[in-house]
Amino acid sequence: MKTLLVTNIKGGVAKSSTAVAVATGLKLLKPETKILLIDGDPQGSIKTYFGLKLQNSDKDFSSFLVEDTPFEDAIQKIPVGDSHIDVMISSRKLSEADIRMAAFHRREETLKGRFKKQNIQYDYCIIDSSPAMNLVLLNFMTFADYWLIPATMDAFAISNINYLFEQKKIIEDFYEKSPTILGIVPTMFDKRTTVSQQAYEAIKTKFSSKCQVFEPIGIDSTIKKAQVKKQIIYEFAESRAAEGYKNLTKNISRMI
């Protein structure tokens, strides 16, 4: 199973939109593959995106992570083309996970242990994360083979990305894991503004020797409109954002 964490410690950078676009894009690109999308944010953005509700006695990702409930109880299916992907949705219960897991043995690797114990098998697992650097995000970091960093091109972009590279070094030093940062995805990019252009050039200068700096995903109202209609962007309408995410997904597929 190939595991991809979509992460940034800054909110509002289109992590959820990117995670959904990559997961559904991979399914359209490779219809035969089994794909799991994990909503790892207590805000439950993916749940809201698709208008999903908790089922099976309110079992969700938090129940799976903290209580080791069967992962099937938290799975819902999202139609993609002629098939579907599996989604493990989240709720605000996940915000309590740090406290509830405090006494766990090897608590930073709980998620890895859950997948191994329950023998969960997919071709791809895509994880949407919260911007909070907490125990849940640390679990994602020790579990995922690859990281993808969506980032808005502003004054805070470099420091936030630097922080993630520092966390990667900590994971490598203290855990049996050596994740690969696939690259940085400039999101909501406005090529008309000097700030965006300058930040993009600065990102390429600083990080292109360490990872891929992908082509920017421009500002596009189609993304919001697709979310309102509870549709994935590829099936809602042809757009620059859909084409951008399609190219991003193809690159990711080749890289992993």
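Can residue 191 be described as in contact (Cβ under 8 Å) with a residue 24 or more places away in the chain, surrounded by fewer than 20 Cβ atoms within 10 Å (Cβ to Cβ) and more than 15 Å from residue 160 (Cβ to Cβ)? Yes; evaluated as a whole, the condition is true for this residue.
Could you tell me how many of the residues in the range 100-150 are of a type in the set (A, V, I, L, M) and not in a loop (DSSP other than H, G, I, E, B)? Steps first, please.
Taking the range 100-150 first, the residues of a type in the set (A, V, I, L, M) are 101-103, 111, 120, 126-127, 132-133, 135-138, 141, 144, 148-149.
Adding the requirement that they be not in a loop (DSSP other than H, G, I, E, B) leaves 111, 126-127, 135-138, 141, 148-149.
Looking only at that region, the number is 10.
Table: residues versus (1) under 27 Å from residue 49 (Cα atoms); (2) not hydrophobic (A, V, I, L, M, F, W, C).
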residue	(1), (2)
153	yes, no
160	yes, yes
177	no, yes
199	no, no
218	yes, yes
224	yes, yes
230	yes, yes
252	yes, no
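For every residue, the table says whether it meets (1) out of contact with any Phe, Trp or Tyr (no Cβ under 9 Å at 6 or more places or on another chain); (2) over 17 Å from residue 211 (Cα atoms).
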position	(1), (2)
123	yes, yes
133	no, yes
143	no, yes
153	no, no
160	yes, no
163	yes, no
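Within the range 90-142, the set of residues being closer than 18 Å to residue 176 by Cβ and small (Gly, Ala, Ser) comprises just one member, 113. Please work out which residue is nearest to residue 204 (Cα to Cα), limiting yourself to the range 152-187 and to residues that are among the acidic types (Asp, Glu) and outside any helix (DSSP H, G or I). Filtering first and then ranking leaves 154. In the range 219-237, the residues that are small (Gly, Ala, Ser) form Cβ pairs under 8 Å with partners that are in a helix (DSSP H, G or I), at six or more places apart or across chains, as follows: 226/233; 226/236; 237/222; 237/225; 237/226. The residue pairs whose first member lies in the range 3-23 and is more than 15 Å from residue 45 (Cα to Cα), whose second member is of a type in the set (A, V, I, L, M, F, W, C) and part of a loop (DSSP other than H, G, I, E, B), and whose beta carbons are closer than 6 Å, counting only pairs six or more residues apart or on different chains, are 3/144; 5/144; 9/133. Just so you know, in the range 90-120 the residues that are at pLDDT below 95 and in contact with an Asp or Glu (Cβ under 8 Å, 6 or more places away or on another chain) include one that is surrounded by the most Cβ atoms within 10 Å (Cβ to Cβ), and it is 90. Scanning the range 194-215 for residues that are assigned to a loop (DSSP other than H, G, I, E, B) and surrounded by fewer than 20 Cβ atoms within 10 Å (Cβ to Cβ) turns up 208, 209, 210, 211, 215.
The values are calculated or read from the model by the stated rules, or taken from the named source; none is laboratory data. Bear in mind that the values here come from a model prediction, so they are computed numbers and not experimental data. Here the Cβ is made from the backbone with ideal geometry for all residues, glycine too, and neighbour counts use every protein chain on show.
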